[in-house]
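To start, the structure under review is shown below, and the notes come after it.
The values are calculated or read from the model by the stated rules, or taken from the named source; none is laboratory data. Predicted model, so just to flag it, every value in this text is computed and none were measured. We place every Cβ from the backbone using ideal geometry, glycine too, and count neighbours over all the protein chains shown.
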Number of protein chains: 2
Amino acid sequence: MNIEDTLIMIPGPVPVVPRILRAMAKPVINHRGYEFAEMFDECRELLADLFQTKNEILLLSGSGTSGMEAAVGNLINPDETIVTVVNGKFGERFRDIGMRYGNTVPVESEWGYPIDLDAVAAALEDGADAVAMVHNETSVGMLNPADEVGKLARKHDALFIMDGITSIGGTPTPLDEWGVDVAIMGSQKCIAAPPGFAAVSVSKRAFQKMEDVKNPPYYLDLKAHRKSADKGQTPYTPSIPLFFAIQEALYIAHEEGLDARRQRHATGAAAVRAAADAMGIAMFPQPDEKSRYSDTVTAMKVPSGILFDQLKKEMLARGILIAGGQAHLKGNIFRIGSMGNFRSKDLLITIQMLESILHAHGAVSDSDFGAGIRAAGSVLMQ
Amino acid sequence: MNIEDTLIMIPGPVPVVPRILRAMAKPVINHRGYEFAEMFDECRELLADLFQTKNEILLLSGSGTSGMEAAVGNLINPDETIVTVVNGKFGERFRDIGMRYGNTVPVESEWGYPIDLDAVAAALEDGADAVAMVHNETSVGMLNPADEVGKLARKHDALFIMDGITSIGGTPTPLDEWGVDVAIMGSQKCIAAPPGFAAVSVSKRAFQKMEDVKNPPYYLDLKAHRKSADKGQTPYTPSIPLFFAIQEALYIAHEEGLDARRQRHATGAAAVRAAADAMGIAMFPQPDEKSRYSDTVTAMKVPSGILFDQLKKEMLARGILIAGGQAHLKGNIFRIGSMGNFRSKDLLITIQMLESILHAHGAVSDSDFGAGIRAAGSVLMQ
């Protein structure tokens, strides 16, 4: 089997189209010259549209996690308090990062269950300085209520850090309306470039707060990044090929239209859910009226009759990679991404293969067999 | 002028050969799959040879500066002391990073002058826990005595952090003999891949010390990187295209032969120095018997008769990019890299152009005109 022919249907890194791969293969340019500055400025502008914000965008040569650390480490002093909202793996990451920089109050729900807004409100009432939440919790396929958390943060004059790594560009994120002070995006997710690059949007309030933060990280110092950005540069050598890739990926997104792109993601996830429902496969996350299923990844319970490892292996043998569960969810759930520059055919063939394998193992009944692909098709062809 | 046709003769980022650019354009693979693990393990092994160490190699998706911060941030507690040796811009960077993590004792010399070994010894005598030094100080074109600093560190049982970003792969670095505990390499320098990737070697002593360091950075947490490395992975999503690039760049280096590669760098710098001498251009750095001129970049004083900006502009108009001085050296010096996959023809045409421009401005005399290219040629053709 040729790994390069595999259709990657995981929630990032997503497949990178040849046009972006070619852009990345351009000769390296001088990162202190005007050609770089032009590209840098253009990327920042196009990203602001993608983020749906008027805030300033800064660009980091590091993966999404580096953006999460930049946000927390530049906004919190050791004696200050950050509330970290946890209902999945990436919420836990915010908690772990928070613990390196200040007092951390984790507000934890069971993975895949709604976040506890009352507990967030109570922690903010107690004087917390910031709250950090993952918008699209990829590990469980759930979209958390950024609007509600933003409201609470404003009410208590706390800063709101939102991990939008797997939502920005793939689902609506009216950040300024929600009152997000720092939002983070990863290159290998909805924008569908290769991994290794993160963008963060920073509000005026957040920049003001940074003036009082004594000991931010060095490589991820957002004040240093802002100062260099004014000259069209980064403080340390940027990963030039990833800038080429991001620029091309942004052109593609803008050509498609940002609203159309977000709609395509929503339709893709709806198609997977419709197929699952028709095949009798249960969703894993349990959203309430304030949260909802993710637009960019769908997490389902592994049906009885097959083990996840067997399912993954048989899918891969047919050229399609799907994702399993992480940590304690390993073996219990499987996940299909509807993220990046995927097209209907990619989702349809994934569902077709899935349905055939599950049917062969008796995990989809004879009477349901075929219903999955029909349901997905009718959503995608609308 | 087409920027893509420009010959980049700065001390990094260096030109990337098409073979590496093509490798980078391969489709993205799953970073949790065995194909990635195989590449990851191979890169670590090839890098250990390049570093000239038996220590473990860890791979960071970040530029060289991220490697410097990883070294300092994982080895120093806030109440501990690090000596930072400064005789150029990158020594200052170690000082600035040190100040974020612990008590920092900078041992400063004027830029381009030898480091003060007595002051380093005194600071270690006073009980410093670590010493950090830039091996090849690119800003001034000087190679600092890593062997001497290593001896002092061992004598006082302190850890030795060496920035080998622009030396490893281009100049001999017997790290284990010198007693280097953490060495750092950047992808866009001697190995000639694109920027955005750093490798660090870590000694057993350094790993032991990390157990006692309470609050290392998160994205750059070397304990987390080591734990994942045992499984052929990185703790956070790696920049897959940069791994493809590094792998190909390492193949190229090993095909050339590591000794031959280092010799080529030394010969390249010797050719630039010979040309400068023949043209009556003065070297900028002032090495003593324990330090020496860099093998990977040559820093010269701008001769009278021309301003640096004019020289740079005229070189660029003819398709060659050279580097100037940084910070207070701006306008005073110029620098030519002999770094990466350069070939004799690249250096010769650079010197030929330089000599012509300087002669046209009266900065090289009629009688000396032609001596530069002849001197360089005789070194390169040996």
### Message
Within the stretch A:339-350, does at least one residue satisfy the condition of being in contact with a Pro (Cβ under 7 Å, 6 or more places away or on another chain), surrounded by fewer than 18 Cβ atoms within 10 Å (Cβ to Cβ) and at pLDDT 95 or above?
### Response
no
### Filtered residues of the stretch B:250-283 (kept if closer than 25 Å to B:Cys43 by Cα and of a type in the set (S, T, N, Q))
B:Gln263
### Task
Answer yes if at least one residue in the stretch B:39-59 is buried (at least 19 other Cβ atoms within 10 Å of the Cβ), under 25 Å from B:Leu329 (Cα atoms) and touching a residue at least 24 places away in the same chain (Cβ under 8 Å), and no otherwise.
no
### Query
Only one of (1) facing another protein chain (nearest Cβ under 8 Å); (2) assigned to a loop (DSSP other than H, G, I, E, B); (3) under 30 Å from B:Ile333 (Cα atoms) fails for B:Ile115. Which number is that?
(1)
### Query
Residues B:Glu69, B:Glu38: which one is of a type outside the set (A, V, I, L, M, F, W, C) and more than 22 Å from the chain's Cα centre (by Cα)?
B:Glu38
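Within the stretch B:355-363, identify whether any single residue is closer than 24 Å to B:Ile252 by Cα, in contact with a Ser or Thr (Cβ under 9 Å, 6 or more places away or on another chain) and at pLDDT 95 or above, and answer yes or no. First the steps, then the outcome.
Residues of the stretch B:355-363 that are closer than 24 Å to B:Ile252 by Cα, as a first pass: none.
No, there is no match, as no residue in the stretch B:355-363 is closer than 24 Å to B:Ile252 by Cα, in contact with a Ser or Thr (Cβ under 9 Å, 6 or more places away or on another chain) and at pLDDT 95 or above.
Assess whether B:Gly33 counts as being surrounded by 20 or more Cβ atoms within 10 Å (Cβ to Cβ), under 28 Å from A:Ile246 (Cβ atoms), within 11 Å of chain A (Cβ to nearest Cβ) and not hydroxyl-bearing (Ser, Thr, Tyr). If you could, list the steps in order and put the result at the bottom.
Values: surrounded by 20 or more Cβ atoms within 10 Å (Cβ to Cβ): no; under 28 Å from A:Ile246 (Cβ atoms): yes; within 11 Å of chain A (Cβ to nearest Cβ): yes; not hydroxyl-bearing (Ser, Thr, Tyr): yes.
So B:Gly33 does not fit the description; no.
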### Query
Exactly one of (1) at pLDDT 95 or above; (2) not in a helix (DSSP H, G or I) is unmet by B:Ala274. Its number?
(2)
### Query
Among the residues of the stretch B:309-321, is there at least one that is in the same structural domain as B:Ile357 (by TED's automatic domain parsing) and within 23 Å of B:Tyr113 (Cβ to Cβ)?
no
### Message
Here is a check on your reading of the model: is B:Pro18 in contact with a helix residue (DSSP H, G or I) (Cβ under 7 Å, 6 or more places away or on another chain) and within 30 Å of A:Gly12 (Cβ to Cβ)?
### Response
no
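Checking the condition in contact with a Ser or Thr (Cβ under 7 Å, 6 or more places away or on another chain), among the polar types (S, T, N, Q) and free of Cβ contacts under 8 Å to residues at least 12 places away in the same chain, which residue from B:Ser239, B:Ser228 passes? Break it down into steps so the answer makes sense when it comes.
Values: B:Ser239 fails: free of Cβ contacts under 8 Å to residues at least 12 places away in the same chain.
B:Ser228 is the lone residue from the list that is in contact with a Ser or Thr (Cβ under 7 Å, 6 or more places away or on another chain), among the polar types (S, T, N, Q) and free of Cβ contacts under 8 Å to residues at least 12 places away in the same chain.
Only one of these is away from every other protein chain (no Cβ under 14 Å), surrounded by 24 or more Cβ atoms within 10 Å (Cβ to Cβ) and assigned to a loop (DSSP other than H, G, I, E, B): B:Val140, B:Val85, B:Val131. Name it.
On the way: B:Val85 fails: assigned to a loop (DSSP other than H, G, I, E, B); B:Val131 fails: assigned to a loop (DSSP other than H, G, I, E, B).
That would be B:Val140, the only listed residue that is away from every other protein chain (no Cβ under 14 Å), surrounded by 24 or more Cβ atoms within 10 Å (Cβ to Cβ) and assigned to a loop (DSSP other than H, G, I, E, B).
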### Query
Residues A:Glu137, A:Glu110: which one is under 21 Å from A:Tyr293 (Cβ atoms), over 18 Å from the mean Cα position of the chain (by Cα) and among the acidic types (Asp, Glu)?
A:Glu110
### Message
Name the residue that is surrounded by the most Cβ atoms within 10 Å (Cβ to Cβ), counting only residues in the stretch A:183-233 that are assigned to a helix (DSSP H, G or I), more than 12 Å from chain B (Cβ to nearest Cβ) and among the aliphatic types (A, V, I, L, M).
### Response
A:Leu222
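Output the residues belonging to the stretch B:3-24 that are of a type outside the set (A, V, I, L, M), over 27 Å from B:Phe90 (Cα atoms) and at the interface with another protein chain (Cβ under 7 Å from one of its Cβ atoms).
The initial filter retains those residues of the stretch B:3-24 that are of a type outside the set (A, V, I, L, M), namely B:4-6, B:11-13, B:15, B:18-19, B:22.
This time we only want the ones that are over 27 Å from B:Phe90 (Cα atoms), so: B:4-5, B:18-19, B:22.
Passing the criteria: B:Glu4, B:Arg22.
For the stretch B:88-112: of the residues being more than 13 Å from every other protein chain (Cβ to nearest Cβ) and of a type in the set (A, V, I, L, M, F, W, C), which is surrounded by the fewest Cβ atoms within 10 Å (Cβ to Cβ)?
Going through the qualifying residues, I end up with B:Val105.
Evaluate the stretch A:241-251: report whether one residue or more is assigned to a helix (DSSP H, G or I), more than 21 Å from A:Gly62 (Cα to Cα) and within 22 Å of the chain's Cα centre (by Cα). Show your work before the answer.
In the first step, residues of the stretch A:241-251 are kept if they are assigned to a helix (DSSP H, G or I); the result is A:241-251.
Among the residues that remain, those that are also more than 21 Å from A:Gly62 (Cα to Cα) are: A:251.
Filter once more, keeping what is within 22 Å of the chain's Cα centre (by Cα): A:251.
Yes, the conditions are met somewhere in the stretch A:241-251.
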### Query
Among A:Gly73, A:Gly67, which is the only one that is within 14 Å of chain B (Cβ to nearest Cβ), out of contact with any strand residue (DSSP E or B) (no Cβ under 6 Å at 6 or more places or on another chain) and not in a strand (DSSP E or B)?
A:Gly73
